[in-house]
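Reading through the structure tokens given below for one structure.
The values are calculated or read from the model by the stated rules, or taken from the named source; none is laboratory data. Since we're looking at a predicted model, the values are computed, not measured. Virtual Cβ from ideal backbone geometry, glycine too; neighbours counted across all protein chains shown.
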Amino acid sequence: MYLDQAATSFPKPPEVVEAMTKALTEYAANPGRSGHRMSVKANEVISQAREQLADFFGFSYPNRVCFTSNATSALNQALKGFRFQSGDHVLTTSYEHNSVRRPLENLKEKTGIKITYFDPGVGENFDMDAFERAITPHTKMIVVSHGSNLTGKITPIDEIGKLAKESGIAFLVDAAQTAGVLPINLEEMNIDLLAFPGHKGLLGPQGTGVLMVGKGVELDPIFQGGTGSRSESTQQPAVYPEFLESGTLNTPGIAGLLAGLETVKKLGLDSIYSHELQLTQKLIEGLRAIDYVTIYGPQTNRLGVVPFTIEGIDGQEIAIILDQHYNIAVRAGLHCTPIGHESIGTSESGAVRISVGPYNTEEEIEQALKAIEEIVEGYFG
Ligand SMILES: Cc1ncc(COP(=O)(O)O)c(C=O)c1O
């Protein structure tokens, strides 16, 4: 039983497997590099993926939909490619994934940027006034995750986008936990840079990610070469998407991502989210009824991600028992979010995280709750 959907989604829809098999067996030539038909077909599928992704996320520029290998590489490109100067300030939150925090800390060391980690708290509220007060005259970028991979808390990116626009600040959104789960409209939400993986909510394969670069932002590429175009020049072609896409693209992966996106559209975001919320509510209610269990995160306005601890039992041990004895896959530890764990008070022992997806069922949640109850009984009698 797979309850680790926040790490990557599983199972992948059969359509994704079929699309990848077709790509690998029929046309996985180097897209756009050669004039032959296989290369043209590969390029067509990739262009279709750009167009459909742009359309799905309310973005008018498919050419500025750049493929990466995961959300981390998209976030690194957005942050390290941004033209920061010493003294520039970045406003972010304490719940960010290490994929945001580490490149920011690296920029602090190398370029001399300043960073504020705003603590949005564990409840459902996000104090926009306090967040606004954290903006300084030097703030050049706001970067937030749309949904926390630790507590499932949802960030009001539409309000933050408005604030960023009014203040003339670039707005980067890490949609790793929400792409394919919650509606995101890049232009309506005033998002300048949108980074997400293809392998979580969009149901595509691992090795896929996307960075959408709004018209108003200019980045520098963090990789150069291998674009298959303008080979006579020593310079990176200044045209999107090649500008940010160095090296052979992952054609089978992108074909799978396109099929994943089509599945998400067929299922519908509303029904995906309401299904996940229903499972989450059942899980929270069940966990609340078990002695010695503490759950974290907001009551409402949350994703299908639930962290919990059992008094006196190490999180890793719980995850191992669930896996080995009950065949249930969950994730324990710090979830790449160490300051977030400090905020909820679990940085010493970590927490166990259960996360659900569109293919999980109520029966699975019941079985997981029964297993946790048995673990507690086994320890406390
Ligand atoms: C909020 C958040 N940001 C970024 C990432 C990194 O995603 P990827 O593994 O695709 O690099 C994750 C992965 O769990 C995440 O949850």
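Overview of results
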read-out: Answer residue from the stretch 67-81, given it is surrounded by fewer than 24 Cβ atoms within 10 Å (Cβ to Cβ) and away from the ligand (no atom under 12 Å from the Cβ) and is nearest to Leu219 (Cα to Cα) among those; value: Gly81
read-out: Selection status of Ala170, of a type outside the set (Val, Ile, Thr) and either buried (at least 24 other Cβ atoms within 10 Å of the Cβ) or modelled with pLDDT of 95 or more (or both); value: yes
read-out: The stretch 244-271 - residue that is small (Gly, Ala, Ser) and outside any helix (DSSP H, G or I) and, of those, farthest from Ser47 (Cα to Cα); value: Gly268
read-out: Residue in the stretch 180-198 that is within 16 Å of the ligand (Cβ to nearest atom), of a type in the set (S, T, N, Q) and within 17 Å of the chain's Cα centre (by Cα) present; value: no
read-out: Residue check for Phe380: away from the ligand (no atom under 16 Å from the Cβ), farther than 30 Å from Gln48 by Cβ, in contact with a helix residue (DSSP H, G or I) (Cβ under 8 Å, 6 or more places away or on another chain) and among the aromatic types (Phe, Trp, Tyr); value: no
read-out: Breaking point among (1) surrounded by fewer than 19 Cβ atoms within 10 Å (Cβ to Cβ); (2) not assigned by TED's automatic domain parsing to the domain that holds Gly147, for Ser9; value: (1)
read-out: Residues (surrounded by 19 or more Cβ atoms within 10 Å (Cβ to Cβ) and either free of Cβ contacts under 8 Å to residues at least 24 places away in the same chain or not in a loop (DSSP other than H, G, I, E, B) (or both)) located in the stretch 119-139; value: Phe131, Thr139
read-out: Selected residue (only one of Asn190, Asn250, Asn185 is assigned by TED's automatic domain parsing to the domain that holds Ser34 and surrounded by 22 or more Cβ atoms within 10 Å (Cβ to Cβ)); value: Asn250
read-out: Any hit, the stretch 292-314, residues being surrounded by fewer than 17 Cβ atoms within 10 Å (Cβ to Cβ), out of contact with any Phe, Trp or Tyr (no Cβ under 7 Å at 6 or more places or on another chain) and either at pLDDT 95 or above or in the same structural domain as Leu203 (by TED's automatic domain parsing) (or both); value: no
read-out: Residue check, Tyr61 of a type in the set (Ser, Thr, Tyr) and more than 24 Å from Arg230 (Cβ to Cβ); value: no
read-out: Complete set of residues in the stretch 331-367 that are closer than 30 Å to Gly268 by Cα, in contact with a Ser or Thr (Cβ under 8 Å, 6 or more places away or on another chain) and part of a strand (DSSP E or B); value: Arg331, Val352
read-out: Residue that is farther than 22 Å from Gln224 by Cβ, assigned by TED's automatic domain parsing to the domain that holds Arg133, in contact with a strand residue (DSSP E or B) (Cβ under 9 Å, 6 or more places away or on another chain) and without any contact (Cβ under 8 Å) to a residue 24 or more places away in the chain, where the choices are Glu96, Glu105; value: Glu105
read-out: Scan of the stretch 199-216 for residues that are buried (at least 24 other Cβ atoms within 10 Å of the Cβ) and more than 14 Å from the ligand (Cβ to nearest atom), ordered by number; value: Met212, Val213
read-out: Residue check, Ser39 assigned by TED's automatic domain parsing to the domain that holds Asn250 and not in a helix (DSSP H, G or I); value: no
read-out: Failed criterion for Thr346 (all others in (1) buried (at least 19 other Cβ atoms within 10 Å of the Cβ); (2) at pLDDT 95 or above; (3) touching a strand residue (DSSP E or B) at 6+ places or on another chain (Cβ under 7 Å) hold); value: (2)
read-out: Scope the stretch 140-177; condition in a loop (DSSP other than H, G, I, E, B) and either among the aliphatic types (A, V, I, L, M) or in contact (Cβ under 8 Å) with a residue 40 or more places away in the chain (or both); matching residues; value: Ser148, Asn149, Leu150, Thr151, Gly152, Thr155, Ile169, Ala175, Ala176, Gln177
read-out: Scan of the stretch 243-297 for residues that are among the β-branched types (Val, Ile, Thr) and under 30 Å from Phe56 (Cα atoms), ordered by number; value: Thr248, Thr251, Ile254, Thr263, Val264, Ile272, Thr280
